[in-house]
1. With a point put 7 Å past each Cα toward its Cβ, work out how far residue 205 is from residue 299 in nm, to one decimal.
2. What FRET efficiency do you get for residue 78 and residue 198 if R0 is 30 Å and r is their Cβ-Cβ distance, rounded to the nearest 0.05?
3. Would you kindly state how much longer the chain becomes between residue 21 and residue 69 on full extension, computed as 0.36 nm times their sequence separation minus their alpha carbon distance, in nm to one decimal?
4. Between helix 234-248 and the chain, what is the angle of the helix's C-alpha long axis to the longest principal axis, kept within 0 to 90° and rounded to the nearest 10?
5. Which label belongs to the value computed from this structure, given these candidates for mean projected area of the Cα convex hull in nm²: [x] 20.3; [y] 25.6; [z] 18.1?
6. So if each residue of separation counts as 0.36 nm, and I subtract the Cα-Cα distance between residue 243 and residue 36, what length gain in nm does that give?
7. What angle do you read, to the nearest 10 degrees and between 0 and 90, between the alpha-carbon axis of helix 21-42 and the longest principal axis of the chain?
8. Using only Cα positions of segment 216-365, each an equal point scatterer, no hydration layer, compute I(q)/I(0) via Debye at q = 0.11, 0.18 Å⁻¹ and quote the log10 values to two decimals.
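What follows is calculated from the coordinates using simple rules that are stated; it is not laboratory data. Just so it is clear, the model here is predicted, and its values are computed rather than measured. So basically every Cβ, Gly included, is an ideal-geometry build from the backbone, and we count neighbours across all protein chains shown.
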């Protein structure tokens, strides 16, 4: 078979594949809705938060389109360089002046680049390459070798420690969730998962035992069962957040309605970490449920993409992205209603933030590439 003949066969097979329009459409709707919520949360301040976010959204969709049209298997070859650049960027943040007591950003004009956001995508691809069988036809193992689990833990531990030192405890937690999800989906046994969980619990106990958390981080945990702690800081944030959500009741008080907590800026960081409170206050329980349902659609589509991937590398990448989205949504919404600690994790596609939006667009673009490439071409086999 000549190269030209093979290329023609590939083109015929691929022609019937279409982008996952449900994934893209939900992403588009949430992004537009996020701009609306950012405007509602900042319109009385006179800032240009929505205008800046519009630039990031446009850049994000461009990244999505580019990532969608790159064969996802090419990313495996980019891993070594991407990993080195990511680690250097995570180290570079410590050379800049802290913002609100944290060194997380590299100033680049209009954009403050946050390497930790892109590190999540890089780690997902690295873990998928490490945990997926090198042979496409090799069945998934019933038990992962402990050496593989150890290597996967090391892959996650290095950036997690750097991010924890920024400090950014919330993002470090996301890395741990991604590790557990991908190791389990790669074939780890329940005994191995229990062993990893026991090790994680021991690590948490050690953190508390040796006082490795700052006082404000401890307060973020204690406020869950004692709301009177830090009444002018974390306690105040949580109280205002719960008040705003509760005031929305069933159908909300209406968009841009005067006199709301959102309008008077009583909820701190509402355009970023607490964007869900603006949704719940203005659109009520129904609006909040619709937003959560949209995120459920995204996670569902990512799982469908994983189930239909042509190889285990693609399946693990899509599943890892799904785990990342689910973790962000659960922790962010949970902290606004007081069932999770306030960790500063943004809500995907809704919260203001250029690095976060563009990294999420990159991740979803890679997932769409996996969907586009799901059909095997002549000479290749589907996932077994």
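1. 3.0 nm
2. For R0 = 30 Å, the calculated efficiency reads 0.30.
3. Details: separation 48, 0.36 × 48 = 17.28 nm, distance 1.44 nm.
Going from the current span to full extension adds 15.8 nm.
4. 90 degrees
5. Entry [x].
6. 72.4 nm
7. The helix 21-42 is inclined about 20 degrees to the chain.
8. -0.47, -1.04
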